[in-house]
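Participant: Mind looking over this structure? Questions follow.
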């Protein structure tokens, strides 16, 4: 039934599931160190993704695929750690708004690493987008409500590494099975964060374990839904769906945490979205990735 939904509906549904997952991460994140939060997110997710991989039996990945996905797994770990820290220290809407910088960094990496064509409109889009980031950061302080600098840097850093992960994924998108990509996305962070999490371990009660299980299911489900959408429509046609995350974040942030986005956040987000839209108009999407590899 879900697979029959239009690609845009699938993408918006996927973003809704992942946004709800972010809310649960922010709830439990207040009680645990970031390293344990990251480990439990991916350890539980590995159980779900690994079970699906065994059930679907997509075939053993090649050595080249293993190397490429291991590298992406490490980059994904950096992305998740910085993004989760941002969720722990920033309001939900602001954290999501900073993540909209990813397409701009994706454009920059495409030019630098993939030798994509540089045109003036790309530079204008990048300038507008980064201007929006400045407005969002400095405008908060002018309004008497400053954002913690470590959280801001973590959010921006996660946008950078997220874009780098997408850039690398372009080289593997048409060669590896979707469930294989998602499985590697979980196994690398789970293994690498086991020791740091043990060093700072806070015993979770049964209720929190249930929340982590829900986070795992929602994370895998969200990525698979996004993959289904991108397999049936071009990335450029689905790009606008990404911005529904801000609506989800604003509503969920208000309902769950009582957060109200400030004018600086709204103005900065509009500039980031405008700059991204302008830059993305010039991007070629033939090699666009089939999934959203977010945390």
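Participant: Got at least one residue in the range 67-79 being touching a residue at least 12 places away in the same chain (Cβ under 8 Å), assigned to a helix (DSSP H, G or I) and closer than 23 Å to residue 253 by Cβ?
Facilitator: The initial filter retains those residues of the range 67-79 that are touching a residue at least 12 places away in the same chain (Cβ under 8 Å), namely 68-79.
Filter again for assigned to a helix (DSSP H, G or I), leaving 68-79.
In the following step, the residues that additionally are closer than 23 Å to residue 253 by Cβ were identified as 79.
Among the residues of the range 67-79, at least one is touching a residue at least 12 places away in the same chain (Cβ under 8 Å), assigned to a helix (DSSP H, G or I) and closer than 23 Å to residue 253 by Cβ, which makes the answer yes.
Participant: Oh, and also: Being at pLDDT 80 or above, buried (at least 16 other Cβ atoms within 10 Å of the Cβ) and within 19 Å of residue 92 (Cα to Cα) is the requirement here; does residue 157 meet it?
Facilitator: On the way: at pLDDT 80 or above: yes; buried (at least 16 other Cβ atoms within 10 Å of the Cβ): yes; within 19 Å of residue 92 (Cα to Cα): yes.
Criteria met by residue 157.
Participant: Ok, one more. Kindly indicate whether residue 87 is surrounded by 20 or more Cβ atoms within 10 Å (Cβ to Cβ) and modelled with pLDDT of 90 or more.
Facilitator: Details: surrounded by 20 or more Cβ atoms within 10 Å (Cβ to Cβ): yes; modelled with pLDDT of 90 or more: yes.
Yes, satisfied.
Participant: Which of the residues that make up the range 191-208 are under 22 Å from the mean Cα position of the chain (by Cα) and over 14 Å from residue 42 (Cα atoms)?
Facilitator: So in the range 191-208, the residues under 22 Å from the mean Cα position of the chain (by Cα) come out as 191-194, 197.
None; the set is empty.
Participant: Which of the residues spanning the range 266-291 are closer than 17 Å to residue 99 by Cβ and either in a loop (DSSP other than H, G, I, E, B) or modelled with pLDDT under 55 (or both)?
Facilitator: Those that are closer than 17 Å to residue 99 by Cβ and either in a loop (DSSP other than H, G, I, E, B) or modelled with pLDDT under 55 (or both): 289, 291.
Participant: Tell me which residues, restricted to the range 244-260, are touching a residue at least 24 places away in the same chain (Cβ under 8 Å), closer than 13 Å to residue 94 by Cα, surrounded by fewer than 21 Cβ atoms within 10 Å (Cβ to Cβ) and under 20 Å from the mean Cα position of the chain (by Cα).
Facilitator: Hit for the range 244-260 is 252, nothing else.
The values are calculated or read from the model by the stated rules, or taken from the named source; none is laboratory data. Computed from a prediction, not measured in an experiment: that's the story for all the values here. Don't worry about glycine lacking a Cβ; one is built from the backbone with ideal geometry, like all the others, and counts go over all protein chains shown.
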